[in-house]
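Comments concern the structure below.
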Amino acid sequence: MRQNSRITAGVVLLDRNHLEIPNGFIVKEPWITMTGIVVRGYRVASGPSEDYPYGALDRQRPIFKARGFDLSDYFNGTLNIDIRPATFKLMKPEHTFYNVEWTDLHPPEHFSFSRCKVIFKDVEYDGWIYYPHPETKIRNFQNPSLLEVIAKPIPGIKYGDKAEVLVNSNEMAVEKNPETPGHEGTQRKKPW
């Protein structure tokens with residue numbers, strides 16, 4: 001049984017194709033469902049890690065909140081979901097924050113967020129695609145088949161589990177790419 005729970009600004013996802021907004025209107029949204037595997041990331045978001053002596057989200061969340069985007073009800077880490085052979089590209093995310101100075105270890109970064117739902121064991125959990133822009137990122141590059149999701153806590157989820165993610169096709173393009181290798185996790189490049 002899927003649970004329909006409230007998401008930011010009183011919007012309710014009624015099913016995979018319809019949203020109810022506060023004024024009572026039902027809006028058809030083009031939701032895309034992707035299936036992926038939960039994989040281990042760099043462990044930077046929840047940190048500390050090899051690259052940072054603190055968790056990145058511990059530093060970033062107060063900055064996002066000061067800019068009007070509150071993630072305090074969400075798990076303080078990212079869920080990395082490998083959607084191979086598909087790849088994704090954010091086109092018009094709901095939120096974008098430029099020049100976020102969250103560390104003194106490198107220059108500011110840009111971040112975007114797109115609303116999503118994670119479905120695990122037939123239960124839906126509110127979430128956001130978390131997208132550090134690669135053009136401003138100097139460490140921990142992700143492949144275009146890896147969704148980083150900040151979600152409400154999901155009991156029992158672990159590496160290797162299958163999960164579905166619902167994303168809005170008005171904000172994100174998804175392409176099936178048969179040439180993309182299988183579920184191998186993240187790829188690490190150190191440009192320094």
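Out of Glu135, Glu124, I need the residue that is outside any loop (DSSP other than H, G, I, E, B), at pLDDT below 90 and either at positive phi or out of contact with any Pro (no Cβ under 8 Å at 6 or more places or on another chain) (or both). Which one? Even if it seems obvious, please write down each step before you answer.
Numbers: Glu124 fails: at pLDDT below 90.
The match here is Glu135.
Taking each residue of segment 120-131 that is acidic (Asp, Glu) and looking for partners that are assigned to a strand (DSSP E or B) and surrounded by 19 or more Cβ atoms within 10 Å (Cβ to Cβ) with beta-carbon atoms closer than 7 Å, six or more apart or interchain, yields Glu124/Lys117; Asp126/Lys117; Asp126/Ala151.
If I filter segment 142-158 for residues that are over 15 Å from the mean Cα position of the chain (by Cα), at pLDDT below 95 and part of a loop (DSSP other than H, G, I, E, B), do I get at least one hit? Walk me through how you get there before you give the answer.
Here is the first cut: in segment 142-158, the ones over 15 Å from the mean Cα position of the chain (by Cα) are 155-158.
Filter once more, keeping what is at pLDDT below 95: none.
Scanning segment 142-158, I find no residue that is over 15 Å from the mean Cα position of the chain (by Cα), at pLDDT below 95 and part of a loop (DSSP other than H, G, I, E, B), so the answer is no.
Take Pro181 and decide whether it is at pLDDT below 75, over 23 Å from Leu71 (Cβ atoms) and over 12 Å from the mean Cα position of the chain (by Cα). Here the answer is yes, as Pro181 does meet what is asked. In segment 66-80, is there at least one residue being of a type in the set (Ser, Thr, Tyr), assigned to a loop (DSSP other than H, G, I, E, B) and at pLDDT below 90? So far as segment 66-80 goes, no, none of its residues is of a type in the set (Ser, Thr, Tyr), assigned to a loop (DSSP other than H, G, I, E, B) and at pLDDT below 90. For segment 101-137, a residue qualifies if it is touching a Phe, Trp or Tyr at 6+ places or on another chain (Cβ under 6 Å) and among the hydrophobic types (A, V, I, L, M, F, W, C), and the qualifying residues are Phe111, Phe113, Val118, Trp128.
Looking at Lys158, Lys152, just one residue is in contact (Cβ under 8 Å) with a residue 24 or more places away in the chain, of a type outside the set (A, V, I, L, M, F, W, C), in contact with a Phe, Trp or Tyr (Cβ under 7 Å, 6 or more places away or on another chain) and over 16 Å from Thr33 (Cβ atoms), and that residue is Lys152. Restricted to segment 92-119, and to residues there that are of a type in the set (Asp, Glu) and part of a loop (DSSP other than H, G, I, E, B), the residue that is farthest from Lys152 (Cα to Cα) is Asp104.
The values are calculated or read from the model by the stated rules, or taken from the named source; none is laboratory data. All of these numbers come straight from a predicted model, not from anything done at the bench. Note: ideal-geometry Cβ built from the backbone for every residue, glycine included; neighbour counts use all protein chains shown.
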